[in-house]
1. Filtering region 146-159 down to residues that are in contact (Cβ under 8 Å) with a residue 24 or more places away in the chain and not aliphatic (A, V, I, L, M), which residue is most open to solvent (accessible area, probe 1.4 Å)?
2. Against the definition (in a helix (DSSP H, G or I), buried (at least 24 other Cβ atoms within 10 Å of the Cβ) and without any contact (Cβ under 8 Å) to a residue 40 or more places away in the chain), how does residue 128 come out, yes or no?
3. Restricting attention to region 195-224, report how many residues are open to solvent by less than 50 Å² (accessible area, probe 1.4 Å), in contact with a Leu (Cβ under 9 Å, 6 or more places away or on another chain) and either within 17 Å of residue 236 (Cβ to Cβ) or assigned to a helix (DSSP H, G or I) (or both).
4. Inspect region 137-154 for any residue being within 22 Å of residue 197 (Cβ to Cβ) and of a type in the set (Asp, Glu) and give the result as yes or no.
5. Which pairs do you get when a residue that is free of Cβ contacts under 8 Å to residues at least 40 places away in the same chain and among the hydroxyl-bearing types (Ser, Thr, Tyr), found in region 166-187, comes within reach of a residue that is surrounded by 17 or more Cβ atoms within 10 Å (Cβ to Cβ) and assigned to a helix (DSSP H, G or I), reach meaning Cβ atoms under 6 angstrom, with the pair 6+ apart or on two chains?
Amino acid sequence: MAKRPDSKQATETLEEVNSAFDRAAEWVTENPPIVLGVLGTILGIAAIIGVVQTVDTQATNESSEAVSAIEIAYRNAMGARPGDLEVPEPANPETARGVRADYAEQLLTAGAEHDGTQAAVNARILAGVLLEENGDLGAAVAAWQLAADEAPAGPLQGLAHLRHAQGLEKQDEWLAAAEAYEKAGANEAFPGRYLALAQSARAWARAGDEGKALEVFASLEAAEAPDGAVPAHLRSQLEEMKARKGSSEAS
């Protein structure tokens, strides 16, 4: 990419941005209760979306019944009891790995058989989770991408884009992650869209495009996110980036 006359200044600014986000990452590590609270909210949103869709369609939708049966069988195979919020880990790691691999394959098959339905999106998201837990991040990202690409419009589509973006970030694919986060943030039906927009701005900065990062942040500000929708430390870092840009242009 050709460098403009102010490329040195731009490079230094991006280095400052990355340093700031690195400090934010350290803050996340040192303040797990706050971070877990925010993540808990997002997971709660995902759970609500899933429950509402299951209740609305389970009685009449064959695809929902098929995917639900696989989810229940997986939980049973892992030793979960009715009412357990978390799936326990079997004592034998190889047993756990084998169960996850088996049910990930079943879920992907169900997703293909019921393509274009909300149930297929659920199946592919869960399959990706199981694959990631087995250490196969590449296959997990592929499952989440398929979930996002084939999801019908609605809140679950936003969740699929968010999961895809998170997987891409773990692969250090910052440009692709930024785009996927932005898609989740553009979904007005998705309750987690404000956090997704903030994550998109952060990812654009890490990808080296401060201008696009500020553009997405401006979209977030225009959306008037409710209090608590974006972690304070992340919003602060984005506001600092905006202030530095303003100071640079004024000088």
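The values are calculated or read from the model by the stated rules, or taken from the named source; none is laboratory data. Keep in mind the model is a prediction, meaning the values are calculated, not measured. All Cβ positions, glycine included, derive from the backbone under ideal geometry; neighbour counts span all protein chains shown. Accessible surface is based on the protein model in full, side chains and every heavy atom, while ligands, DNA and RNA are left aside. Shrake-Rupley method; radii C 1.70, N 1.55, O 1.52, S 1.80 Å.
1. Taking region 146-159 first, the residues in contact (Cβ under 8 Å) with a residue 24 or more places away in the chain are 146-148, 150-159.
With not aliphatic (A, V, I, L, M) added as a condition, the list becomes 150, 152, 154-155, 157-158.
On the way: 150: 76, 152: 39, 154: 14, 155: 39, 157: 47, 158: 0 Å².
Once the filter is applied, the top-ranked residue is 150.
2. Numbers: in a helix (DSSP H, G or I): yes; buried (at least 24 other Cβ atoms within 10 Å of the Cβ): yes; without any contact (Cβ under 8 Å) to a residue 40 or more places away in the chain: yes.
Yes, satisfied.
3. So the answer is 18.
4. Checked against the condition, which is being within 22 Å of residue 197 (Cβ to Cβ) and of a type in the set (Asp, Glu), region 137-154 yields at least one hit.
5. 181/165; 181/196; 181/199; 181/200; 181/203
Results for (1) in a helix (DSSP H, G or I); (2) crowded, with 17+ Cβ neighbours inside 10 Å; (3) at pLDDT 95 or above, shown as yes or no for each residue.
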residue: 108; (1), (2), (3): yes, yes, yes
residue: 112; (1), (2), (3): yes, no, yes
residue: 115; (1), (2), (3): no, no, no
residue: 123; (1), (2), (3): yes, yes, yes
residue: 144; (1), (2), (3): yes, yes, yes
residue: 161; (1), (2), (3): yes, yes, yes
residue: 165; (1), (2), (3): yes, yes, yes
